[in-house]
Amino acid sequence: MAIQIENAQSGDLRRIEEIAKAAYGHLRASVSEDLWKRWIGGIIDSIHSDKATIIVLKRDGKIVGVIQLYEDAAQSELNGLPDGERAGALRVFAVLPEYQGQGYGEMLIDECIERARKLNLSKLYLHTGYINQAAVHLFERIGFKRVPELDFYPYDQTIHLAVAFCLELH
């Protein structure tokens, strides 16, 4: 089994969209159809942003996981992230369901941490939801700490709180 972690190519974007939809699919039943469409639409828009690097994990040549690294957290379009500090942000963290629990997500996050340190970033931010318990546990295990003052309710709803995490890099 060969594992590669590399920057995505433009020809990978449709596959990355499919992976995101599959990875987040288990959350669909817990939100309204309108909220789901807006949320997944925001993820797809982010995938096509030129403000970040999309990093993919390939297993035997097939993309099975993805994460997006913003070198400037303020450009991530996530609510309330600081402007002017040397901080990055992570978005679109997704591993195909059949490959989850095998360490691939942690490999992607480790790659982002390594790149962020090489860029001399001081912190990495991200938002997730308690609705996604597996991701919350992974982020906490890696060392991300809660930043409640950056929490927000996306898309003008009041049901599913987007919770903020930060990892100090230095």
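Would you be able to say whether some residue in the stretch 146-168 is modelled with pLDDT of 95 or more and assigned to a helix (DSSP H, G or I)?
Checked the stretch 146-168: no residue is modelled with pLDDT of 95 or more and assigned to a helix (DSSP H, G or I).
Can you tell me which condition ALA23 does not meet? The list is (1) out of contact with any helix residue (DSSP H, G or I) (no Cβ under 6 Å at 6 or more places or on another chain); (2) surrounded by fewer than 19 Cβ atoms within 10 Å (Cβ to Cβ); (3) among the aliphatic types (A, V, I, L, M); (4) touching a residue at least 60 places away in the same chain (Cβ under 8 Å), and all the others hold.
For ALA23, the exception is condition (2).
Step by step: first the residues of the stretch 82-119, then only those that are of a type in the set (A, V, I, L, M, F, W, C) and outside any strand (DSSP E or B), then the one that is farthest from GLU71 (Cα to Cα). Which residue is that? Quick ask: steps written out before the conclusion?
Keep residues of the stretch 82-119 that are of a type in the set (A, V, I, L, M, F, W, C), which gives 87, 89-90, 92-96, 107-109, 112-113, 116, 119.
Those left that are additionally outside any strand (DSSP E or B): 96, 107-109, 112-113, 116, 119.
Values: LEU96: 25, MET107: 19, LEU108: 16, ILE109: 14, CYS112: 10, ILE113: 11, ALA116: 7, LEU119: 8 Å.
Looking at residues that are of a type in the set (A, V, I, L, M, F, W, C) and outside any strand (DSSP E or B), I get LEU96.
Quick one: which of VAL56, VAL64, VAL31, VAL95 is aliphatic (A, V, I, L, M), surrounded by 13 or more Cβ atoms within 10 Å (Cβ to Cβ) and at pLDDT below 95?
Values: VAL56 fails: at pLDDT below 95; VAL64 fails: at pLDDT below 95; VAL95 fails: at pLDDT below 95.
Step by step, each of VAL56, VAL64, VAL31, VAL95 is checked, and only VAL31 is aliphatic (A, V, I, L, M), surrounded by 13 or more Cβ atoms within 10 Å (Cβ to Cβ) and at pLDDT below 95.
Out of (1) over 22 Å from PRO97 (Cβ atoms); (2) assigned to a helix (DSSP H, G or I); (3) touching a residue at least 24 places away in the same chain (Cβ under 8 Å), the odd one out for GLY11 is which?
Unmet for GLY11, out of (1) over 22 Å from PRO97 (Cβ atoms); (2) assigned to a helix (DSSP H, G or I); (3) touching a residue at least 24 places away in the same chain (Cβ under 8 Å): (3).
Considering only the stretch 120-142, state which residues are over 17 Å from LEU69 (Cα atoms) and surrounded by fewer than 12 Cβ atoms within 10 Å (Cβ to Cβ).
TYR130, GLN133, HIS137, ARG141
The values are calculated or read from the model by the stated rules, or taken from the named source; none is laboratory data. Source: prediction; values computed, not measured. Glycine also receives a Cβ, built like all others from the backbone with ideal geometry; neighbour counts cover every protein chain displayed.
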